[in-house]
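Enquirer: Can you keep this structure in mind? I'll have questions shortly.
The values are calculated or read from the model by the stated rules, or taken from the named source; none is laboratory data. Everything numeric here is computed off the predicted structure, so don't read it as measured data. FYI the Cβ positions are ideal-geometry reconstructions off the backbone, even for glycines, and counts take in every protein chain you see. Accessible surface areas use protein heavy atoms only, side chains included; no ligands, DNA or RNA. Shrake-Rupley method; radii C 1.70, N 1.55, O 1.52, S 1.80 Å.
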Amino acid sequence: MDNSEKTEVVLLACGSFNPITNMHLRLFELAKDYLNGTGKYRVIKGIISPVGDAYKKKGLISAHHRVIMAELATKNSEWVEVDTWESLQKEWVETAKVLRHHQEKLEAGSCDHQQDAPMQARPGQKRKWAEQRQDISPKKLLEPKPKDVPKIKLLCGADLLESFAVPNLWKSEDITQIVGDYGLICITRAGNDAQKFIYESDTLWKHRNNIHLVNEWVTNDISSTKIRRALRRGQSVRYLVPDLVREYIEKHDLYSYESEEKNAGVILAPLQRKPADTHSNCTA
């Protein structure tokens, strides 16, 4: 299958990135290798979307700093970039809405590209094309071919998959939309039985063909939580985060015992919704 027949994919990772780590960057490489290896997909871009301050997670430092660290981490990447839209929203934005925002952005870009693309006509066809285009409505000219629009897929770790079962954390319709309309690329770690979790969820099982589990054979247990713990204890995090990120953290003294208490006692934004709006279809 040549590239023209493959589905183009954009990988979107949403999260705190507090701070971004080498493992976050590895997720993109693992997912890209897996999808490209299927022969059905071609990954063209990766997007890191840090959550906004309104998420109210304990220890979550300013989105301003988290975005800058993510930009520093991807400075030398040829295909992974940082998008600030989610981080700039005054209110917390559900992941399903972030996915929809980026899919619509891709669709709009495809429309613009098709309008701007010059038509290559062979000699003698100019008059025929002029006659044919009179029969095409402006609306049709604006409509992109579905196969030409890249597909957004959510890149995550197994912990996000398991969080679908946390009471009141996710709207059931959001879970359905995420796995049904977009799809998941889930990087599994040692000790995670993601396949069993999918089996035990009616919603996930229904859309199991749109959930891609990627085994992380070279295990890596780096996490933002462990990075913050080391930093507030004055321990080195070199080789756990990109050097530019480490230097930025040290320059601004970002993580301490005080910063870890930020939002302490504040209810996480998703849990502030009414329970009736957040029923999960994941069953134990």
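Enquirer: Go through region 73-98 and report how many residues are touching a residue at least 12 places away in the same chain (Cβ under 8 Å) and either over 12 Å from I48 (Cα atoms) or not hydrophobic (A, V, I, L, M, F, W, C) (or both).
Expert: Adding up the residues that qualify gives 17.
Enquirer: Determine whether T176 is open to solvent by 30 Å² or more (accessible area, probe 1.4 Å) and of a type in the set (V, I, T).
Expert: Working: open to solvent by 30 Å² or more (accessible area, probe 1.4 Å): yes; of a type in the set (V, I, T): yes.
So T176 passes the test.
Enquirer: A follow-up question, please. Filter region 36-78 down to the residues that are under 17 Å from L154 (Cβ atoms) and in contact with a Gly (Cβ under 9 Å, 6 or more places away or on another chain) and list them by number.
Expert: Residues satisfying the conditions are I48, S49, P50, V51.
Enquirer: Sticking with this one: How many residues are open to solvent by 30 Å² or more (accessible area, probe 1.4 Å) and either part of a helix (DSSP H, G or I) or in contact with a strand residue (DSSP E or B) (Cβ under 8 Å, 6 or more places away or on another chain) (or both) when one looks only at region 249-264?
Expert: The number of residues fulfilling the criteria is 5.
Enquirer: Does region 180-225 hold any residues that are closer than 16 Å to F164 by Cβ, open to solvent by less than 80 Å² (accessible area, probe 1.4 Å) and assigned to a helix (DSSP H, G or I), and which are they?
Expert: The answer is G180, Y182, A194, F197, I198, T203, L204, N210.
Enquirer: Turning to a different aspect of this structure: Give the residue that is farthest from L11 (Cα to Cα), with candidates limited to residues of region 58-88 that are surrounded by 17 or more Cβ atoms within 10 Å (Cβ to Cβ) and among the polar types (S, T, N, Q).
Expert: S87
Enquirer: Also: With (1) part of a helix (DSSP H, G or I); (2) under 15 Å from the mean Cα position of the chain (by Cα); (3) over 20 Å from N220 (Cβ atoms); (4) among the charged types (D, E, K, R) as the list, and D159 as the residue in question, which single condition is left unmet?
Expert: So the condition that D159 fails would be (3).
Enquirer: Ok, one more. Does R246 fit the bill of being charged (D, E, K, R), in contact with a strand residue (DSSP E or B) (Cβ under 8 Å, 6 or more places away or on another chain), in a helix (DSSP H, G or I) and modelled with pLDDT of 95 or more?
Expert: Working: charged (D, E, K, R): yes; in contact with a strand residue (DSSP E or B) (Cβ under 8 Å, 6 or more places away or on another chain): yes; in a helix (DSSP H, G or I): yes; modelled with pLDDT of 95 or more: yes.
Yes: the conditions hold for R246.
Yes/no matrix, rows are residues, columns are (1) farther than 22 Å from V241 by Cα; (2) acidic (D, E); (3) part of a helix (DSSP H, G or I):
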{"site": "I20", "(1), (2), (3)": "no, no, no"}
{"site": "I48", "(1), (2), (3)": "no, no, no"}
{"site": "A54", "(1), (2), (3)": "yes, no, yes"}
{"site": "M69", "(1), (2), (3)": "no, no, yes"}
{"site": "E78", "(1), (2), (3)": "no, yes, no"}
{"site": "L99", "(1), (2), (3)": "yes, no, yes"}
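Enquirer: Additional query: Can we say L161 is in contact with a strand residue (DSSP E or B) (Cβ under 9 Å, 6 or more places away or on another chain) and at pLDDT 50 or above?
Expert: Yes, satisfied.
Enquirer: Filter region 161-213 for residues that are in contact (Cβ under 8 Å) with a residue 60 or more places away in the chain and aliphatic (A, V, I, L, M) and give the result.
Expert: Passing the criteria: A165, V166, L169, I175, I178, I185, I187, L204.
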